[in-house]
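Participant: Sharing a structure with you now.
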Amino acid sequence: MNPFFLPFVAAVAANSFLTFGFGLRRLVSAEGGGFPRVFAPALAVIIAGFTVWPVFAFFLAPFSLGYLEMMFLVPFSVLISTVSDKIIRSVSLGTQKQTADLSAFSAYDGLTYAAAFMILRLATSFIDALLFASGAAVGYFLCAITLHAIRERSDTEPVPRCLRGIPLMLIASGIIAILASFLASAGFLALGTHL
Amino acid sequence: MKTTRDFPFWGDKYSPLASLAGVVLLIGATSRVSYALIISAAIFFVYAISTFFLRVSSRFIPSAHRTWIRIVFVSTVTAIFCRIAGIAWPVPVKELAPYFGMVPLSLIASDLLDRTAEETPMRTIQASVYEAFILCGIALVLAAVREAFGYGTLSIPNADGITVLITQESAAALSLRSLTATAGGFILFGYLLAAYRKNRFRRYGIPRCGEDDV
């Protein structure tokens with residue numbers, strides 16, 4: 001079994017959104033923004049994979065930050081999010097509104113922070129960090145696509161009015177999270193027999 | 001005539017639930033009452049101290065770098081809280097570690113610092129404590145429901161983890177463990193929002209029930 005496959009699959013099935021609820025507001029609310037709205041957080045998570053592990057595991061490791069790690073990790077994740085926002089805005093020049101996304105300053109509702117936090121806890125090498133980050137980004141992206149499809153469908157189906165919008169998105173997220181945990185368990189079991 | 005604006009848990013567009021700022025804490029850190037108590041303490045500590053000091057020192061903060069200075073300051077206050085709380089409750093603080101980072105981010109996302117920029121320092125503290133109170137109230141109610149139905153217990157934090165105050169054997173036997181997972185939090189919170197909308201429609205007659213406002 002390819003040793004790179006396990007951390008990737010783990011991160012896709014058990015991504016920060018489904019496991020902890022980070023990035024929730026962005027996914028369940030129906031504000032506009034098109035694809036940059038989904039791509040920017042996913043890109044921020046991937047950038048976190050490239051940068052967090054080298055910075056915190058090499059440059060800051062000798063300082064043994066302990067509880068003070070948060071003092072650096074939160075601003076660092078916000079910085080990554082704003083950089084990602086700028087990149088996406090520059091790429092989508094002319095097709096989307098070019099104002100800065102203020103949710104980047106909350107690290108996309110903690111999504112980037114959670115990815116950075118989990119990378120530092122789970123990754124044992126730079127490759128691990130990259131695989132974990134790309135898996136988390138793919139997992140978030142798949143959740144976003146699924147929830148977007150559910151939202152569109154709910155506009156045409158006879159859904160009770162009090163459930164439409166955010167409540168329905170939350171309930172759908174919960175069901176997806178249950179399914180993902182079953183899939184992750186089954187996947188790990190299958191992988192475990194081949195390891 | 002009463003309006004939804006008078007209702008503290010929802011209020012205007014800046015209220016914690018209408019803006020959904022801090023909703024990650026409401027779902028992620030409320031699997032037990034003990035965890036919700038620690039997160040509530042963190043929210044009160046960080047909101048009150050950060051808003052007060054940032055308001056008092058606002059004239060010395062260059063406007064060009066205001067956002068970044070705020071983020072670093074609020075993160076530092078949260079790290080200080082983690083250090084202090086870690087002495088009293090080392091195990092629960094370690095278990096809640098991923099969620100503490102969301103406290104400063106929730107404060108930034110709530111826009112509270114900008115909204116109270118023109119207020120007096122005393123008024124700033126009042127506003128921040130009021131907002132923290134709303135967030136913590138909802139967190140504790142959610143935690144009580146989730147722990148009671150999920151584990152059949154109610155607990156408070158201690159140095160080694162949790163102390164179970166109330167155990168109900170019959171409830172424990174029927175416990176719905178999925179309620180204590182994040183998935184259960186999503187579903188419970190979704191139904192609570194729907195119930196609120198229905199109640200709001202009945203009491204205030206607001207016909208916007210079903211749109212994307214909370």
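Participant: Tell me yes or no: at least one residue of the stretch B:30-47 is within 12 Å of chain A (Cβ to nearest Cβ), outside any helix (DSSP H, G or I) and within 23 Å of A:Y113 (Cα to Cα).
Facilitator: yes
Participant: One residue is enough: does the stretch B:55-64 have a residue meeting the conditions within 10 Å of chain A (Cβ to nearest Cβ) and either surrounded by fewer than 23 Cβ atoms within 10 Å (Cβ to Cβ) or not polar (S, T, N, Q) (or both)?
Facilitator: no
Participant: What is the one condition in (1) at pLDDT 85 or above; (2) within 29 Å of A:I178 (Cα to Cα); (3) within 13 Å of chain B (Cβ to nearest Cβ) that A:L79 does not satisfy?
Facilitator: The number of the failed condition is (2).
Participant: Select, from A:L111, A:L130, the only residue that is within 18 Å of the chain's Cα centre (by Cα) and under 18 Å from A:A57 (Cβ atoms).
Facilitator: A:L130 is the lone residue from the list that is within 18 Å of the chain's Cα centre (by Cα) and under 18 Å from A:A57 (Cβ atoms).
Participant: Output the number of the condition that A:A133 fails; it satisfies all remaining conditions of (1) within 14 Å of chain B (Cβ to nearest Cβ); (2) crowded, with 20+ Cβ neighbours inside 10 Å; (3) modelled with pLDDT of 85 or more.
Facilitator: Result: A:A133 fails condition (1) only.
Participant: Does the stretch A:163-182 contain any residue that is aromatic (F, W, Y) and farther than 17 Å from A:F22 by Cα?
Facilitator: yes
Participant: Evaluate the stretch B:163-175: report whether one residue or more is in contact with a Phe, Trp or Tyr (Cβ under 8 Å, 6 or more places away or on another chain) and assigned to a helix (DSSP H, G or I). Please lay out each step first, then the result.
Facilitator: Filtering the stretch B:163-175 for residues in contact with a Phe, Trp or Tyr (Cβ under 8 Å, 6 or more places away or on another chain) gives B:171-172, B:175.
Checking the rest, the ones that are also assigned to a helix (DSSP H, G or I) come to B:171-172.
Yes: the stretch B:163-175 contains one or more residues that are in contact with a Phe, Trp or Tyr (Cβ under 8 Å, 6 or more places away or on another chain) and assigned to a helix (DSSP H, G or I).
Participant: Can you tell me which residue within the stretch A:160-175, out of those that are in contact with a helix residue (DSSP H, G or I) (Cβ under 6 Å, 6 or more places away or on another chain) and among the aliphatic types (A, V, I, L, M), is farthest from B:R202 (Cα to Cα)?
Facilitator: Selected residue: A:A172.
Participant: Now a separate question. Do we find that A:S103 is within 11 Å of chain B (Cβ to nearest Cβ), surrounded by fewer than 19 Cβ atoms within 10 Å (Cβ to Cβ) and at pLDDT below 85 in this structure?
Facilitator: Taking the combined requirement at face value, the residue does not satisfy it.
Participant: Against the definition (surrounded by 20 or more Cβ atoms within 10 Å (Cβ to Cβ), modelled with pLDDT of 90 or more and not β-branched (V, I, T)), how does B:F45 come out, yes or no?
Facilitator: no
The values are calculated or read from the model by the stated rules, or taken from the named source; none is laboratory data. Being a predicted model, the structure only gives us computed values, none of them experimental. Note: ideal-geometry Cβ built from the backbone for every residue, glycine included; neighbour counts use all protein chains shown.
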